[in-house]
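The values are calculated or read from the model by the stated rules, or taken from the named source; none is laboratory data. Everything quoted here is computed from the prediction, not taken from an experiment. A quick note on method: Cβ atoms are made from the backbone with ideal geometry, for glycine too, and the neighbour counts reach across all protein chains shown. These accessible areas exclude ligands, DNA and RNA; they are computed on the full protein's heavy atoms, side chains included. Shrake-Rupley method; radii C 1.70, N 1.55, O 1.52, S 1.80 Å.
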Amino acid sequence: MEMRSKEDALEELLEEVKNLLGELCQSGFDTVHDSTLKGMDEMADLTRQYGMAHLSDMLGELAEGVRLRRHRLKREKDSLAGVYAQVNEYLYLCEEKLAYDRAKNYYVNGYGSPERGSGGREAVQP
């Protein structure tokens, strides 16, 4: 069994978070499915385990806000759209950082490929 690089694992995690945000966007903040809320709670726990406490906190805040909205009879102003935008910005910045890390591994350390780096597990053959 081949081990994944940290970049590959993080990229997969970020993709899962983006998928959850897509589900949330499709359903709307007022009519979120139970499975989406469960996924958001699980993702908040998983991102905390990865050491991404800020992302975990934002996902938890988003999930809690959506839960509260499901039971409101009238619309009230809240900050959920702002939190949603912050999560998207955070994901974008993480993806940019991953790209820089892959390039560094390729050009500085001579490992992997810049597109999908091997995380420093194997040297590039001439």
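As a fraction of the 1.4 Å probe accessible area of segment 45-111, surface on carbon and sulfur atoms comes out at 52 percent. In the context of the full set of protein chains, the chain has a per residue accessible area of 66 Å² (1.4 Å probe). Note on the chain: helix-only mean residue ellipticity at 222 nm, from DSSP H runs of 4+ residues weighted -39500 (n - 2.57) and normalised by residue number, equals -23000 deg cm²/dmol. The modelled label-to-label distance between LEU68 and CYS25, using points 7 Å beyond Cα along the C-beta direction, is 2.4 nm. Shape class for segment 7-86: prolate, because the ratio a/c of the largest to smallest gyration tensor axis (alpha-carbon atoms, square roots of eigenvalues) is 1.5 or more and a/b beats b/c. Counting only lysines at least 8 places from LYS18 when in the same chain, those with an alpha carbon closer than 19 Å to its own are LYS6, LYS38, LYS97.
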